[in-house]
Amino acid sequence: MTSEASPVPQVSRPAREPGAPVAGRARRPRPLVWVGRALAVLGCSALLGWMALAIYFDFSMLGPPWLRAGVGALVPVGAVVALLRVRPLRWVLAGILVAFAMVLAAWLVIPPSNVRDWQPDVMTLPFADIDGDRVLVHNVRNAEYRTETDYTVHLEDRTLDLSKLRSLDLFLIYWGSPLIAHTIMSWGFEDDQYLAISIETRKEKGEEYCALRGFFRQYELVFVVADERDVVRLRTNVRGEDVYVYRLDLSPADARVLLLRYLEEINQLRERPQWYNALTGNCTTAIQRLAWSGTRRSWWSWKLLLNGYFDELAYDIGAIDRSLPFSVLKAKSHINERAKAAAEDPRFSVRIRDGLPRMSPDPGAAGGPNKTSAAPRVP
């Protein structure tokens with residue numbers, strides 16, 4: 001008797017719902033997909049915006065401003081057209097990255113210059129001759145200001161004895177938002193002698209500072225070496241900006257090292273100009289790069305970018321006086337009224353410091369009542 005092959009039962013498979021995950025394939029969490037897409041859109045928008053502005057501000061070889069504005073506008077417009085017509089979208093992303101790389105490469109080779117029609121206050125660059133403890137600084141600015149734009153520039157040569165260096169002070173200047181400030185460093189010597197260095201934009205005649213342009217290659221970098229009656233009094237008495245000064249907790253030996261780094265950079269700028277950049281090469285990031293590289297205190301913080309908090313950062317890491325609450329220290333460190341009272345006094349620098357925390361009138365004290373050690377100490 002032959003047995004018939006029994007039929008194999010057929011199991012019906014339900015149709016897969018649209019959008020249902022395929023068996024064996026991990027489903028990507030949808031929130032992460034949307035987050036990734038949002039980040040990609042924001043990143044591409046930032047790149048496209050930067051390219052358009054870089055072309056408008058910095059690519060003068062393309063022609064007049066109206067033509068550069070048109071060329072710059074083609075960048076985001078072209079990207080939108082590509083998003084609508086090109087598939088897959090990864091080719092659009094690749095095209096944006098390639099275009100950004102090309103614009104960035106051309107932007108990076110735009111050369112800075114020391115030969116322009118400069119404003120009188122930054123026309124002549126300082127430089128220094130260094131011979132052991134003896135330093136001769138040329139073109140120290142000591143201008144007389146009638147108004148912010150009406151002034152007479154006086155340039156002086158000053159001889160410094162580094163063995164008589166006693167202190168280093170930080171000035172913080174606010175002109176608008178409390179988030180952003182300008183910083184000035186000032187080295188103090190015996191006999192009440194101070195040398196201030198302010199890192200600024202080197203502007204041409206008729207040129208004004210624009211915060212947006214500061215992110216592009218619009219201004220060269222300049223180190224203004226000056227008397228405090230110039231760079232400090234300009235801000236307190238002429239511009240009416242809020243100015244604070246703090247004594248840094250630094251030994252004379254370390255202050256000397258920092259001053260020499262500054263002077264070396266000043267000499268290099270005279271031979272090889274550099275661009276100013278509001279994000280990467282400004283008055284505060286330059287201080288961090290020159291002054292505190294390789295030291296045990298870490299100055300890296302978001303407060304370097306929003307440098308209106310720079311004094312708070314210095315307080316947090318113990319670089320300025322901590323014997324008082326920070327709010328009290330900051331209130332005591334405001335010097336505008338002192339500067340106005342000492343406007344014509346040759347001892348301007350002494351009077352604006354009189355009675356401030358750690359700023360003893362004793363010329364032999366490095367940090368005021370709490371003297372720092374004579375031995376080198378890394379900040």
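Annotation for the range 319-349: trypsin sites (Lys or Arg not before Pro) lying in DSSP loop with at most 15 further Cβ atoms inside 10 Å of their Cβ are Arg322, Arg347. Sequence-ordered 3J(HN,Hα) estimates for the range 343-349 from the Karplus curve with 6.51, -1.76 and 1.60 and θ = phi - 60° stand at 3, 9, 7, x, 9, 3, 5 Hz, glycine and proline given as x.
Once C-alpha pairs closer than 8 Å and six or more residues apart are averaged by separation and normalised to the residue number of the range 98-166, the relative contact order reads 24 percent.
The tail of the calculated P(r) for the range 57-151 beyond 22 Å holds 61 percent of all Cα-Cα pairs. In the frame of its principal axes, the range 189-255 has Cα extents of 39, 28, 19 Å, reported largest first.
Using only alpha-carbon positions in the range 100-159, the gyration tensor eigenvalues give semi-axes of 32, 22, 8 Å once each is multiplied by 5 and square-rooted (largest first). Once the chain from Arg239 to Val81 is taken as fully extended at 0.36 nm per residue, the excess over their C-alpha distance is 52.0 nm. When we measure straight from the Cα of Lys332, which aspartates and glutamates land under 18 angstrom away, once same-chain ones fewer than 8 places off are left out? Once the sequence-local aspartates and glutamates are set aside, what remains near Lys332 is Asp169, Glu241, Asp242, Asp249, Asp311, Glu312, Asp316, Asp321, Asp354.
Summarising the amide proton neighbourhood of Phe127: residues at separation of 5 or more, or on other chains, whose placed amide H is nearer than 5 Å comprise His138. A straight Cα-to-Cα reach below 23 Å connects Lys330 with the lysines Lys303, Lys340, Lys371, residues fewer than 8 places away in its own chain not being considered.
Between Ser45 and Leu108, the FRET efficiency estimated from the beta carbon spacing at R0 = 25 angstrom works out to 0.70. For the range 158-281, the fraction of C-alpha pairs farther apart than 19 angstrom is 54 percent. Computed on the Cα trace of the range 37-102, the radius of gyration divided by the Kirkwood hydrodynamic radius gives Rg/Rh = 1.01.
Read-outs: derived from the displayed coordinates by stated rules, not from any lab. Remember, it's a predicted structure, so these values are computed and weren't measured experimentally. Quick reminder, even Gly has a Cβ in these numbers, built from the backbone with ideal geometry, and neighbours come from all protein chains shown.
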